[in-house]
1. Check whether at least one residue in the stretch 28-44 is crowded, with 19+ Cβ neighbours inside 10 Å and touching a residue at least 40 places away in the same chain (Cβ under 8 Å), and report yes or no.
2. Within the stretch 231-261, how many residues are in a strand (DSSP E or B), within 18 Å of the chain's Cα centre (by Cα) and without any contact (Cβ under 8 Å) to a residue 24 or more places away in the chain?
3. Any residue that is touching a residue at least 40 places away in the same chain (Cβ under 8 Å), touching a helix residue (DSSP H, G or I) at 6+ places or on another chain (Cβ under 6 Å) and within 18 Å of residue 107 (Cβ to Cβ) - is there at least one of those in the stretch 124-135?
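The values are calculated or read from the model by the stated rules, or taken from the named source; none is laboratory data. These numbers come from a predicted model, not from an experiment. Glycine also receives a Cβ, built like all others from the backbone with ideal geometry; neighbour counts cover every protein chain displayed.
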């Protein structure tokens, strides 16, 4: 049985791969333009961030939202055996590509772990476990194994299984009737700035919904499918997301909440809350 790697970032054991492999454009989330495969000017020689405690006021909110799902340390310490791209410049291009792939694989593992905990169907749980083992084995393989991964096919398999488990988990909440009545609580819905405060949204399917700036304060999101939902600036003060489906740390990092916001145990409240 393959043991899944940690899905939480360990920046101290990473060669600043998110600060180098990825690029970004000047925007509300980033104060500057940075091409992919280039070091961020705020990166120190030891791969630490020189403005880590001041990222938001310095205009780098996007950095505080990003999460690699533990891919950084796996690629740095396992795939490339602790030899950084500064020590071996010839590894730079392949290391950066491998990082991007492993991050996708780890994100899939995160969703599958959540799915296994939420399904009541032993066959679906077994299918999620089997798929997790296959993805984990690829993520922990050597560089050539990772580069040969059919990520698109894996995405399709994971998505299909997550949707099936979601339907199973949400079935007892009678959300389908409410979605028809409300007309807006549905996958990919445009709910930007919507007032959804103090509502019982249990079992709703908001997969891929645009919840940018939406007010969800005081609402119960038990068994709400939030796969890929955009929660940038969403107000989560006093909301109960402790049993929401497919909620990730990047989504929480992009939202606004406080000490009364309830989160699943595997997620942490951001510093800016």
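1. no
2. Quick first cut of the stretch 231-261, residues in a strand (DSSP E or B) only: 235, 240, 245, 256.
With within 18 Å of the chain's Cα centre (by Cα) added as a condition, the list becomes 245, 256.
Applying the additional criterion that residues be without any contact (Cβ under 8 Å) to a residue 24 or more places away in the chain yields 256.
Result for the stretch 231-261: 1.
3. Looking through the stretch 124-135, at least one residue is touching a residue at least 40 places away in the same chain (Cβ under 8 Å), touching a helix residue (DSSP H, G or I) at 6+ places or on another chain (Cβ under 6 Å) and within 18 Å of residue 107 (Cβ to Cβ).
For (1) assigned to a helix (DSSP H, G or I); (2) outside the structural domain of residue 203 (by TED's automatic domain parsing); (3) farther than 29 Å from residue 148 by Cβ; (4) modelled with pLDDT of 95 or more, each residue gets a yes or a no:
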residue	(1), (2), (3), (4)
38	no, yes, no, yes
47	no, yes, no, yes
75	yes, yes, no, yes
92	yes, yes, no, yes
95	yes, yes, no, yes
109	yes, yes, no, yes
120	no, yes, yes, no
127	yes, yes, no, yes
132	yes, yes, no, yes
